[in-house]
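Quick notes on the structure that follows.
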Ligand SMILES: C[S@@+](CC[C@H](N)C(=O)[O-])C[C@H]1O[C@@H](n2cnc3c(N)ncnc32)[C@H](O)[C@@H]1O
């Protein structure tokens with residue numbers, strides 16, 4: 001018996017993508033062929049067309065194939081930092097603000113249940129027997145067999161590789177020879193349902209959650225499916241609610257739908273009210289984001305103590321200043337003389353006296369090494385002078401003091417691009433856009449790189465984004481917004497228009 005050939009395989013791929021978002025391109029194709037062959041053998045079918053026909057008409061068979069193809073890998077207390085943040089910080093905050101009613105937590109793509117049970121166990125540790133009353137925990141997954149196993153709550157050793165022995169002893173009882181069953185009261189705290197996250201309707205148990213965990217699920221979804229599911233989950237969340245993805249997935253989801261916030265050195269998403277671009281500009285100005293040390297100045301990083309300006313608007317990605325850990329920022333009061341020296345350095349840089357400006361900035365940094373703007377201004381002066389290695393050093397120091405220093409990411413991208421390290425450049429530009437979706441140089445340089453690589457579709461979108469931003473508001477303001485020493489925004493507008501017309505012609 002053989003598996004489907006390429007043309008036939010494409011039909012299976014389309015079906016799985018359309019119905020449950022699963023992508024089987026490139027190296028994942030082998031898994032699909034193996035799965036289809038295995039199911040054809042079980043159904044004693046020799047012909048992949050016949051199996052395809054069966055698959056489209058028989059929901060149970062379709063589920064069988066999906067179960068074979070989904071990766072159920074999970075274990076208790078996976079990525080414990082997330083769980084700690086959830087239980088020790090987010091939940092107490094939500095409980096404290098809640099006037100009544102349960103705090104609702106959804107584990108989307110819960111596999112065999114280790115994730116929602118881990119949360120239930122930790123909540124028992126904190127809230128004891130009260131936790132059943134205070135919290136409603138729901139686990140959902142497309143895989144019906146995994147959900148059945150989750151409901152049984154019986155686990156083998158591999159599920160406990162991340163578990164603390166004390167918790168294991170308190171919350172599980174031996175079951176059979178090599179397995180353990182979760183304590184009955186904890187099991188009852190979690191409800192499970194079979195749900196296709198790409199399906200049309202989500203059940204009542206998923207509605208209005210305060211927290212959604214959506215970890216290690218989206219990795220096999222193609223981009224548009226990731227976006228569709230993320231948007232839908234975001235739509236479910238209550239105002240102020242949180243959505244946690246795994247650390248490796250974070251950047252893929254920064255689609256401007258939820259606010260990206262940093263807490264305890266972890267990134268997570270939060271549903272916050274939208275902030276319009278006008279309000280954001282106002283905030284940037286009100287936060288002092290002009291060109292001096294007392295402001296956040298486009299030339300260098302927003303000062304750590306006025307990061308309120310980093311709240312992004314509507315469509316854009318957002319970093320919420322409220323959620324940033326103040327103790328990780330630069331001191332809130334930077335000595336007045338340091339401010340004054342910084343302003344002088346800025347003046348010198350603007351008046352084309354880079355060496356004098358750098359000398360002064362070194363004095364500033366000598367007095368206050370956490371002054372992020374001084375590092376990033378130094379970086380931009382060095383970059384203008386094509387002193388790339390030194391510029392990189394300055395940017396890295398800026399990032400060491402403020403990992404969210406957009407200008408440093410942007411400059412590191414420009415340096416990497418200059419060095420023809422395009423993957424690194426793209427990563428840095430993505431970071432910059434992730435910090436502020438209105439970062440037009442990030443969009444522009446991304447478009448330039450992907451255009452050179454022949455990806456016209458992505459390039460067009462990058463040039464269009466750049467134009468959209470630059471054509472909205474004053475060019476002078478845009479020039480100064482991120483990196484004003486070298487950029488002439490009108491030139492970028494002209495280049496974008498030119499490239500878009502080339503792309504249009506090439507498309508004919
Ligand atoms: C690797 S497990 C992740 C389990 C858990 N969230 C964790 O981080 O340990 C991924 C789960 O996503 C589920 N999944 C994949 N596509 C899905 C879809 N369209 N709807 C619901 N669940 C899906 C799979 O069945 C699988 O159990």
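The values are calculated or read from the model by the stated rules, or taken from the named source; none is laboratory data. Note that the structure is predicted; figures quoted are calculated from it, not measured. Neighbour counts are summed over all protein chains in view; Cβ atoms, including those assigned to glycine, are modelled from backbone coordinates with ideal geometry.
Within the stretch 82-97, can one find any residue that is touching a strand residue (DSSP E or B) at 6+ places or on another chain (Cβ under 8 Å) and within 11 Å of the ligand (Cβ to nearest atom)? Please lay out each step first, then the result.
Residues of the stretch 82-97 that are touching a strand residue (DSSP E or B) at 6+ places or on another chain (Cβ under 8 Å), as a first pass: 82, 85-86, 89-91, 94-95.
After this cut, where a residue has to be within 11 Å of the ligand (Cβ to nearest atom) as well, the list is 82.
Yes, because at least one residue in the stretch 82-97 is touching a strand residue (DSSP E or B) at 6+ places or on another chain (Cβ under 8 Å) and within 11 Å of the ligand (Cβ to nearest atom).
Could you check, for the stretch 162-181, whether at least one of its residues is in a helix (DSSP H, G or I) and either closer than 26 Å to residue 66 by Cα or not assigned by TED's automatic domain parsing to the domain that holds residue 90 (or both)? Walk me through how you get there before you give the answer.
Applying the first criterion (in a helix (DSSP H, G or I)) to the stretch 162-181 yields 165-171.
Narrowing the set further to residues that are either closer than 26 Å to residue 66 by Cα or not assigned by TED's automatic domain parsing to the domain that holds residue 90 (or both) leaves none.
No.
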Can we say residue 37 is more than 16 Å from the ligand (Cβ to nearest atom), buried (at least 16 other Cβ atoms within 10 Å of the Cβ) and under 27 Å from residue 203 (Cα atoms)? no
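With respect to residue 473, determine if the residue is assigned to a loop (DSSP other than H, G, I, E, B), surrounded by fewer than 22 Cβ atoms within 10 Å (Cβ to Cβ) and touching a residue at least 40 places away in the same chain (Cβ under 8 Å).
Yes.
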If you go through the stretch 226-240, how many residues are surrounded by fewer than 17 Cβ atoms within 10 Å (Cβ to Cβ) and either modelled with pLDDT of 95 or more or assigned to a loop (DSSP other than H, G, I, E, B) (or both)? 3
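Restricting attention to the stretch 246-264, does a residue exist that is at pLDDT 85 or above and either assigned to a loop (DSSP other than H, G, I, E, B) or surrounded by 18 or more Cβ atoms within 10 Å (Cβ to Cβ) (or both)? Can you show your working first?
Residues of the stretch 246-264 that are at pLDDT 85 or above, as a first pass: 246.
If we keep only those that are either assigned to a loop (DSSP other than H, G, I, E, B) or surrounded by 18 or more Cβ atoms within 10 Å (Cβ to Cβ) (or both) too, we end up with 246.
So far as the stretch 246-264 goes, yes, one or more of its residues are at pLDDT 85 or above and either assigned to a loop (DSSP other than H, G, I, E, B) or surrounded by 18 or more Cβ atoms within 10 Å (Cβ to Cβ) (or both).
Residue 235: closer than 26 Å to residue 75 by Cα and more than 10 Å from the ligand (Cβ to nearest atom), yes or no?
Against the criterion (closer than 26 Å to residue 75 by Cα and more than 10 Å from the ligand (Cβ to nearest atom)), residue 235 does not qualify.
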Residue list for the stretch 351-373, filter: farther than 23 Å from residue 403 by Cβ and in contact (Cβ under 8 Å) with a residue 40 or more places away in the chain: none
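Consider residue 172 carefully, then state whether it is surrounded by 18 or more Cβ atoms within 10 Å (Cβ to Cβ), over 14 Å from residue 110 (Cα atoms) and within 16 Å of the ligand (Cβ to nearest atom).
no
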What do you reckon, is residue 413 farther than 21 Å from residue 477 by Cβ, more than 18 Å from the chain's Cα centre (by Cα) and crowded, with 22+ Cβ neighbours inside 10 Å? yes
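Residue by residue, here is whether (1) more than 28 Å from residue 504 (Cβ to Cβ); (2) part of a helix (DSSP H, G or I); (3) not assigned by TED's automatic domain parsing to the domain that holds residue 260 holds:
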{"position": "408", "(1), (2), (3)": "yes, yes, yes"}
{"position": "411", "(1), (2), (3)": "yes, yes, yes"}
{"position": "416", "(1), (2), (3)": "yes, yes, yes"}
{"position": "424", "(1), (2), (3)": "yes, yes, yes"}
{"position": "433", "(1), (2), (3)": "no, yes, yes"}
{"position": "438", "(1), (2), (3)": "no, no, yes"}
{"position": "444", "(1), (2), (3)": "no, yes, yes"}
{"position": "448", "(1), (2), (3)": "no, yes, yes"}
{"position": "462", "(1), (2), (3)": "no, yes, yes"}
Quick one: which residue in 16, 32 is closer than 11 Å to residue 65 by Cβ, buried (at least 18 other Cβ atoms within 10 Å of the Cβ) and away from the ligand (no atom under 13 Å from the Cβ)? 32
Pairs under 6 Å by beta carbon, first residue over 21 Å from residue 124 (Cα atoms) in the stretch 137-154, partner near the ligand (Cβ under 6 Å from one of its atoms) and in a helix (DSSP H, G or I), six or more apart or different chains? 142/20
Every pair of residues 6+ apart whose Cβ atoms lie under 7 Å, when the first sits in the stretch 59-76 and is closer than 16 Å to residue 213 by Cβ while the second is within 7 Å of the ligand (Cβ to nearest atom) and modelled with pLDDT of 85 or more: 72/111; 72/143; 72/146; 74/111; 74/114; 74/115; 75/114; 76/114
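Kindly indicate whether any position in the stretch 138-151 is farther than 30 Å from residue 34 by Cβ and either within 16 Å of the ligand (Cβ to nearest atom) or buried (at least 22 other Cβ atoms within 10 Å of the Cβ) (or both). Working first, answer last.
To start, the set of residues in the stretch 138-151 that are farther than 30 Å from residue 34 by Cβ comprises 138.
Imposing the further condition that a residue be either within 16 Å of the ligand (Cβ to nearest atom) or buried (at least 22 other Cβ atoms within 10 Å of the Cβ) (or both) reduces the set to 138.
Among the residues of the stretch 138-151, at least one is farther than 30 Å from residue 34 by Cβ and either within 16 Å of the ligand (Cβ to nearest atom) or buried (at least 22 other Cβ atoms within 10 Å of the Cβ) (or both), which makes the answer yes.
Identify the residue in the stretch 200-225 that is modelled with pLDDT under 85 and within 15 Å of residue 109 (Cα to Cα) and, among all such residues, is surrounded by the fewest Cβ atoms within 10 Å (Cβ to Cβ). Give the derivation first.
Taking the stretch 200-225 as the starting set, the residues that turn out to be modelled with pLDDT under 85 are 200, 219-224.
Among the residues that remain, those that are also within 15 Å of residue 109 (Cα to Cα) are: 219-221.
On the way: 219: 14, 220: 17, 221: 21.
Applying the filter and picking the extreme gives 219.
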